[in-house]
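Asker: My questions will all concern the structure given below.
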Amino acid sequence: MANKESIFIDKIPSYLIESKLYFIVLEDLEGNYLFVNDFFRAKLKLPEVLCNEKVVNYILSEDYMKYKEALENCMKEEYFRVEIRKFNKYTKEIYYIEWELVNLRDEKNNIVGILRIGYDVTNFKLKEKKLSKQSEALFEIARKQSHEVRRPLANILGICSLLQDDSKLSEKERSDYIKYLKQSSEELDEMIHSIVRLTNTYF
């Protein structure tokens, strides 16, 4: 296996192996790790001994089919790009990595392995998710302002108008209107607080 690994590594430029920007991974056709560069190992906090471990052990199960399809496409097209989430089973962290897959061939042009060149897009994905949540929060705030806030406000204005203009109201009617006025005021107050909570959570 060591000879197989060294043959593969000889095909990769040293600047890639020593890269502090790109992850470099070699895997055989059985889906085992043959080599990972130091940057990949350090970034994902992987164990020192990784060779011959299954690649799928470090991929989220939801992404397994995507990974499998990417390998199949790489076998056909020589080059393929895919985004796969890597799962560190030791730290439980998840990383979003954009991979370029290249098939490696021997002297007889037979595919003997896969070279993966990866770029960590985790921060970008987390920011994207945050922006998505902020967008959803803005939509919810707009909905509350345009509909839910107007309803109790309309009730308050209507009741105030009745209390002001109708001098023939009985004490019971007046008491009931004041009760409804209080309920609508409390409802409006809760709406305003929920909007403030949404704003504080996402902005």
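Asker: Among I141, I156, I178, which is the only one that is in contact with a Ser or Thr (Cβ under 9 Å, 6 or more places away or on another chain) and over 15 Å from L198 (Cα atoms)?
Answerer: I156
Asker: Next up: Condition test on R143, is it within 43 Å of the chain's Cα centre (by Cα) and part of a helix (DSSP H, G or I)?
Answerer: Yes: the conditions hold for R143.
Asker: Any residue at all in the stretch 52-61 that's touching a residue at least 12 places away in the same chain (Cβ under 8 Å), among the polar types (S, T, N, Q) and outside any strand (DSSP E or B)?
Answerer: yes
Asker: Within the stretch 106-121, can one find any residue that is part of a strand (DSSP E or B), open to solvent by less than 40 Å² (accessible area, probe 1.4 Å) and aromatic (F, W, Y)?
Answerer: Checked the stretch 106-121: no residue is part of a strand (DSSP E or B), open to solvent by less than 40 Å² (accessible area, probe 1.4 Å) and aromatic (F, W, Y).
Asker: Something else now. Say whether the condition of being closer than 14 Å to G118 by Cα, over 25 Å from the mean Cα position of the chain (by Cα) and open to solvent by 50 Å² or more (accessible area, probe 1.4 Å) is met by at least one residue in the stretch 80-91.
Answerer: No, that holds for no residue.
Asker: Against the conditions (1) in contact (Cβ under 8 Å) with a residue 24 or more places away in the chain; (2) open to solvent by 20 Å² or more (accessible area, probe 1.4 Å); (3) aromatic (F, W, Y), where does F39 fall short? Just the number, please.
Answerer: Of (1) in contact (Cβ under 8 Å) with a residue 24 or more places away in the chain; (2) open to solvent by 20 Å² or more (accessible area, probe 1.4 Å); (3) aromatic (F, W, Y), only one is false for F39: (1).
Asker: Is it the case that some residue within the stretch 1-16 is farther than 23 Å from E107 by Cβ and modelled with pLDDT under 85?
Answerer: yes
Asker: Would you be able to tell me the number of residues in the stretch 155-177 that are exposed (fewer than 12 other Cβ atoms within 10 Å of the Cβ) and over 30 Å from A142 (Cβ atoms)?
Answerer: The number of residues fulfilling the criteria is 9.
Asker: Among the residues in the stretch 125-141, are any open to solvent by less than 40 Å² (accessible area, probe 1.4 Å), at pLDDT below 85 and small (G, A, S)?
Answerer: Yes.
The values are calculated or read from the model by the stated rules, or taken from the named source; none is laboratory data. All figures in this text were calculated on a predicted structure; none of them were measured in a lab. Positions of Cβ are backbone-derived with ideal geometry, glycine not excepted, and every protein chain shown enters the neighbour counts. Note: accessible area is taken over every heavy atom of the protein model, side chains too, but ligands, DNA and RNA are not part of it. Shrake-Rupley method; radii C 1.70, N 1.55, O 1.52, S 1.80 Å.
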